[in-house]
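The structure appears below as C-alpha cells.
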Amino acid sequence: VEFCASVVGHPALMHGWPQTGHVAASEAFVVSFDYRTRNPAWVVEVLTNESVKLDEAKRELRFREATAIPERLRSRLDDYSGSGYDRGHLAAAADHKHSQRAMHDTFSLVNVSPQVGVGFNRDYWARLEKFVRDVAKKGVADEVTVITGPLFVPSGRADWPGIGVP
C-alpha cells in the first residue's frame, strides 16, 4: 500500500469520512471532541518562544459548556460537581497568556478532560505543562506543536503492568 499525501478528493471519501464528534478551531488550539465520551479526543496547539513569554491576559476562573456541541452530547459543568475530578485543561491556560481570547478559549469544556487532582492534574500534569512551555521559551525551535489527548484506564485491570488499578 502506498499512502497519498492528502485524503482530500479520494473517491472513498466522496460522501465524507467517519467522524464521532466535532472538530473545531479556536485562536488557542484545534480540538476533536468525541461525542461518545463527551470528552476531547485530542487537542493540538502551537507554542512559540514569543507567545509563551507574553503575559497579556488575566487568568479566568470560570469554565463554561461548549454551546457549539449539541446539549445532549457535550460535557456539562454539573458532570464535575462532587465527582472528585478536576477539570483538566488539555491546552493549558498558562500556554495562552498572549491573548485574552486565547485564554478564554481554554476554559471551554471542549478543552477539558476529567483528571485526578492531587497527584496528577496539580502535580505531574502541571510539571509536564511547564516543561513544554520551558522548551518553547528556550527557542530551540521556531515553534513547538503539542498534541494532547486523554488516557482512559479501565478499572479492575490489575494485569496492566505498572498501573496498579484495584
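The values are calculated or read from the model by the stated rules, or taken from the named source; none is laboratory data. No experiment lies behind these values; they were computed from the predicted model shown. Every residue, glycine as well, gets a Cβ built from its backbone with ideal geometry; the counts of neighbours run over all protein chains shown. When the accessible area is computed, the model is the full protein with side chains, heavy atoms only, and any ligands, DNA or RNA have been set aside. Shrake-Rupley method; radii C 1.70, N 1.55, O 1.52, S 1.80 Å.
Structural remarks
- For the range 4-142, the fraction of alpha-carbon pairs lying more than 22 Å apart is 45 percent, rounded to a whole number.
- Computed from backbone phi with θ = phi - 60° and the Karplus coefficients 6.51, -1.76 and 1.60, the 3J(HN,Hα) list for the range 130-135 is 5, 4, 5, 4, 5, 4 Hz; x is used for glycine and proline.
- Computed extension length for residue 76-residue 101: 6.8 nm, one decimal, from 0.36 nm per residue of separation with the Cα-Cα distance subtracted.
- A 1.4 Å probe run over the protein chains yields, for the range 24-142, 56 Å² of accessible area per residue, whole-number rounding.
- Highest to lowest packing among 109-117, 137-145, 46-54, scored as the average C-beta count within 10 Å: 109-117, 46-54, 137-145
- Förster-model FRET efficiency, 41 Å R0, residue 135 and residue 12, C-beta, rounded to 0.05: 0.60
- The heavy atoms of residue 98 offer some 50 square angstrom of accessible surface to a 1.4 angstrom probe.
- The stretch between residue 62 and residue 126, if pulled fully straight at 0.36 nm per residue, gains 21.2 nm over its current Cα-Cα span.
- Counting Cα-Cα pairs of the range 86-128 in 10 Å increments starting at 0 gives whole-percent bin shares of 31, 51, 18.
- With only the Cα atoms considered, the range 76-147 has a convex hull volume of 89 Å³ per residue.
- Where 95, 55 fall by accessible area, highest first, once all protein chains stay in place (1.4 Å): 55, 95
- Relative to the Cα centre, the charge distribution of the range 1-147, modelled as +1 at Lys and Arg Cβ and -1 at Asp and Glu Cβ, gives a dipole magnitude of about 400 debye.
- The value of relative contact order for the range 16-86, using C-alpha pairs under 8 Å at least six residues apart, is 21 percent.
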